[in-house]
1. Excluding residues fewer than 8 places away in the same chain, name every one of the aspartates and glutamates whose C-alpha is closer than 20 Å to that of residue 109.
2. Counting each pair of different Cα atoms once, what's the Kirkwood radius of segment 13-98 in Å, rounded to one decimal?
3. Give a quick list of chymotrypsin sites (Phe, Trp or Tyr not before Pro) in segment 32-85 that DSSP marks as loop, anything other than H, G, I, E or B, with at most 16 other Cβ atoms within 10 Å.
4. Across segment 72-87, in residue order, what do the Karplus-derived ³J(HN,Hα) couplings come to in whole Hz, using 6.51 cos²θ - 1.76 cosθ + 1.60 with θ = phi - 60° and x for Gly and Pro?
5. When only C-alpha pairs under 8 Å and at least 6 residues apart count, what is the relative contact order of segment 13-98, in percent?
6. Lys/Arg Cβ at +1, Asp/Glu Cβ at -1, dipole of the chain taken about the Cα centre: which of 40, 105, 17 is farthest positive-ward?
7. What is the magnitude of the charge dipole of the chain about its Cα centre, with +1 placed on the Cβ of each Lys and Arg, -1 on the Cβ of each Asp and Glu, and no other charges, expressed in debye to the nearest 20?
8. Over 10 Å intervals from 0, what percent of Cα-Cα pairs in segment 72-138 sits in each interval?
Amino acid sequence: MCSLRLVPKINHLILESYTDFILSRKAVLLSDKTIKFYEYTAGGFINYLIMEGVFEPEAITSSHIRGYLSEVNSRKVTSSTVHAHARGTRAFLRFLKEEGYISAPINVKMPRVEQKKMRVLSAEELSQILKVCKKLRD
């Protein structure tokens, strides 16, 4: 007969606060797509915190946020993706303050999103386009 090895239950308040955050998003009837966004972005932040040994919301610092966003950026993703992770993380941190999980707000400096420049048509290209237009509406 095998003996059961009892593993002590580790209570991580950070996981409890994340579960509460997702539940709060569902309670206000956000779309499934929005819920998935928060699960991906804030959930990624939670995983990062746990890997860093942060198990209590009060232990979160601005340095953790910068580290997480830097880690996301190191995956060679677009600036829009890094910005999305910052938005999800910021929403989670605001929730922590509103619900009393943390005593002081933690500010998230939002990363800039690279503005893509639109290609400008040359006079010749514009002329070619206008030549194929049959009606004024075109």
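Derivation of every value follows stated rules applied to the coordinates shown; laboratory data play no part. In this text, all values refer to a predicted model and were calculated from it rather than measured experimentally. As a convention, Cβ positions derive from the backbone with ideal geometry for all residues, glycine included, and neighbour counts pool all protein chains shown.
1. 58, 71, 98
2. Numbers: mean 1/r = 0.0767 Å⁻¹.
Every distinct Cα pair counted, the radius reaches 13.0 Å.
3. On the way: sites: 37, 38, 40, 45, 48, 55, 68; in loops: 55.
Listed in order of number, the matching sites are 55.
4. Couplings: 4, 4, 5, 7, 6, 9, 6, 5, 5, 5, 4, 4, 4, 5, 5, 5 Hz.
5. Numbers: 51 pairs, mean separation 33.0, N = 86.
38 percent.
6. 40
7. Details: 22 positive and 14 negative charges, 168 e Å.
For this selection, approximately 800 debye.
8. Using 10 Å bins, I get a P(r) of 17, 24, 17, 14, 15, 9, 3 for segment 72-138.
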